[in-house]
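These notes concern the structure reproduced below.
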Amino acid sequence: MKYQKSIMLKLINEHRELHDELKKLKAEMGLEKNFAVKALYHSYVAEDGPYMKDYQDLERLY
């Protein structure tokens with residue numbers, strides 16, 4: 001499984017929890033959106049994260 005920004009953005013739009021976490025990362029850590037999205041990928045998707053299956057489902061569609 002490989003990081004793809006477009007798929008990650010779709011996943012964030014589908015899950016309110018990820019959207020809220022993205023806003024929190026940007027505000028608290030001062031991260032730019034691209035870096036915050038990548039951080040979410042590594043925290044919530046990669047290596048059997050809680051959203052890994054949803055990400056893989058989206059990956060199959062695109």
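For D20, the test of being assigned to a helix (DSSP H, G or I) and surrounded by 15 or more Cβ atoms within 10 Å (Cβ to Cβ) is failed. Beta carbons closer than 6 Å, at least 6 apart along the sequence or on distinct chains, pair a first residue in segment 7-18 that is without any contact (Cβ under 8 Å) to a residue 40 or more places away in the chain and more than 14 Å from D57 (Cβ to Cβ) with a second that is open to solvent by 10 Å² or more (accessible area, probe 1.4 Å) and in a helix (DSSP H, G or I) for I12/H19; I12/L22.
None of Y44, Y55, Y62 is loosely packed, with under 12 Cβ neighbours inside 10 Å, in contact (Cβ under 8 Å) with a residue 24 or more places away in the chain and not aliphatic (A, V, I, L, M) except Y62.
Would you mention how many residues in segment 32-62 are part of a helix (DSSP H, G or I) and either at pLDDT below 95 or touching a Cys at 6+ places or on another chain (Cβ under 9 Å) (or both)? Working first, answer last.
Narrowing segment 32-62 to residues part of a helix (DSSP H, G or I): 33-44, 52-61.
Filter once more, so that each one left must be either at pLDDT below 95 or touching a Cys at 6+ places or on another chain (Cβ under 9 Å) (or both): 61.
The total comes to 1.
The values are calculated or read from the model by the stated rules, or taken from the named source; none is laboratory data. What you see is a predicted model, and the numbers here were worked out from it, not measured in a lab. Don't worry about glycine lacking a Cβ; one is built from the backbone with ideal geometry, like all the others, and counts go over all protein chains shown. For the accessible areas, the whole protein counts, side chains as well, though only heavy atoms, and no ligand, DNA or RNA atoms are used. Shrake-Rupley method; radii C 1.70, N 1.55, O 1.52, S 1.80 Å.
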